[in-house]
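The values are calculated or read from the model by the stated rules, or taken from the named source; none is laboratory data. On a predicted model such as this, the values are computed, not experimentally measured, just so you know. Cβ atoms come from the backbone with ideal geometry, glycine included; neighbour counts cover every protein chain shown. For the accessible areas, the whole protein counts, side chains as well, though only heavy atoms, and no ligand, DNA or RNA atoms are used. Shrake-Rupley method; radii C 1.70, N 1.55, O 1.52, S 1.80 Å.
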Amino acid sequence: MSDDLLAEFVAAIPMPALMVDQTERIIAANTDAKTLLAQNIVGRHFATILRQPQVIEAIEQSLRSKGPAITRHLSNDGAQDTTFEVKCRYMNGVGAVSGGATLAIFQDITHVEQASQMRRDFVANVSHELRTPLTALMGFIETLQGPAHDDAAARERFLKIMSDEANRMNRLVGDLLSLNRVESEERVRPKEQVDLTGLLQSTLNSLRPLATDAKVDLNLNAPEGPVTMTGDNDQLRQVFTNLIENAIKYGGSGGSVEVRVIPSERDTAMRGPAVRVQVIDKGPGIDAVHLPRLTERFYRADSHRSRQLGGTGLGLAIVKHIINRHRGRLRVESDLGKGATFTVILPR
Ligand SMILES: Nc1ncnc2c1ncn2[C@@H]1O[C@H](COP(=O)(O)OP(=O)(O)OP(=O)(O)O)[C@@H](O)[C@H]1O
Ligand SMILES: [Mg+2]
């Protein structure tokens, strides 16, 4: 193969690729490889370009054995750490004095790495969340079997705590299943007719006892008559229940929670007809450092308070998936000390 043909061949590979011949020089590299490593790498000794020991070793091994080798190349694209799987394959009859060369191809496996990291984190989180109430339950069972066996008053008290802890586990499992369901239907377009005003009225009615207990005024500010859209009634109810419940639980100290419905013919975010539903509280608000991560599973801004209030930390993750399924957006704005506003923008 002529040098030109070799360069054309490497250029056509749709991911970073380069060739190193037996003189240990890079004899060809495509644009993706130059973007990943450096410009002007052709003609240079490969070890001055690929500085990672495991990559150097793999290429050396492939050149020596005239066979395949595999390794990983770690990098950073400016926004995040990236991982490439590097596969070396030997080609005879090319390179200096046709002594052969190894072709190294860099396959981006960053998303695979991230997915498996997320899975590990998720399992660790779920186990941790379940273990806390379980440990409490086991402790009280032991106490009831032993020291508190004949203490009727203590028994009553412990059974109440045990029931709370069991409920918490039940809620957690329920939320996990719900998250799973929402995620698996995320690509299925909802097709029910929904009247948002009616839905919000009934959601607010079912949350009124919670608001009364927390001494919170609940108000709905919506246009006269129904505001209709295509959606999933149960899921949208779940979205607003969680947002309003959060506003009462975490922002209740502000004394009031307002829900606003704002339809528009041309929404700036959706570039078309949409409706915005805002849940506004006047509580302590959320520190800006937490905002980007708020919809992650098990993420809590104030974990002590959330746990104390029986939260599982899954509510906003479920909210985000449901809104995605409706091709909408969730925005959170908050000024510390002045409350929080959660805005759901839904296309109509
Ligand atoms: N209106 C709000 N004001 C202040 N903090 C909030 C507000 N809404 C949510 N948060 C914070 O965001 C965190 C995540 O909320 P999310 O609804 O996902 O979980 P949770 O309420 O703890 O649990 P769950 O909703 O599953 O019972 C909460 O733990 C809380 O710290
Ligand atoms: Mg919640």
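Every listed requirement among (1) touching a Leu at 6+ places or on another chain (Cβ under 8 Å); (2) within 20 Å of S184 (Cβ to Cβ); (3) away from ligand 2 (no atom under 11 Å from the Cβ) is met by N324 save one, (1).
Among the listed residues A166, A211, A154, which satisfies the condition of being of a type outside the set (K, R) and at pLDDT below 90?
Details: A166 fails: at pLDDT below 90; A211 fails: at pLDDT below 90.
Step by step, each of A166, A211, A154 is checked, and only A154 is of a type outside the set (K, R) and at pLDDT below 90.
Candidates in the stretch 199-253 are the residues that are under 27 Å from the mean Cα position of the chain (by Cα) and open to solvent by 60 Å² or more (accessible area, probe 1.4 Å); of these, the one that is nearest to ligand 1 (Cβ to nearest atom) is Y250. Taken over the stretch 256-277, the criterion of being open to solvent by 30 Å² or more (accessible area, probe 1.4 Å) and either assigned to a strand (DSSP E or B) or touching a Lys or Arg at 6+ places or on another chain (Cβ under 8 Å) (or both) is satisfied by S256, E258, R260, I262, P263, S264, E265, R266, M270, P273, R276.
Apart from one condition, T312 fits all of (1) touching a residue at least 40 places away in the same chain (Cβ under 8 Å); (2) open to solvent by 50 Å² or more (accessible area, probe 1.4 Å); (3) within 12 Å of ligand 1 (Cβ to nearest atom); (4) not basic (K, R); the exception is (2). The criterion of at least 3 residues that are surrounded by 13 or more Cβ atoms within 10 Å (Cβ to Cβ) and in contact with a Lys or Arg (Cβ under 8 Å, 6 or more places away or on another chain) is met by the following strands (runs of 3 or more DSSP E) wholly inside the stretch 17-127: 81-91, 101-108. Note on the stretch 315-338: residues that are assigned to a helix (DSSP H, G or I) and away from ligand 1 (no atom under 12 Å from the Cβ) total 4. Can you pull out every residue in the stretch 2-16 that is farther than 23 Å from Q61 by Cβ and either touching a residue at least 60 places away in the same chain (Cβ under 8 Å) or not in a helix (DSSP H, G or I) (or both)? Listed by number, the residues that qualify are S2, A12, P14.
When the stretch 284-314 is examined, which residues are found to be away from ligand 2 (no atom under 12 Å from the Cβ) and in contact with a Phe, Trp or Tyr (Cβ under 6 Å, 6 or more places away or on another chain)? If the condition is that a residue be away from ligand 2 (no atom under 12 Å from the Cβ) and in contact with a Phe, Trp or Tyr (Cβ under 6 Å, 6 or more places away or on another chain), then R293 is the only one that fits. Scanning the stretch 271-309 for residues that are within 26 Å of Q201 (Cβ to Cβ) and at pLDDT below 90 turns up just one, L309.
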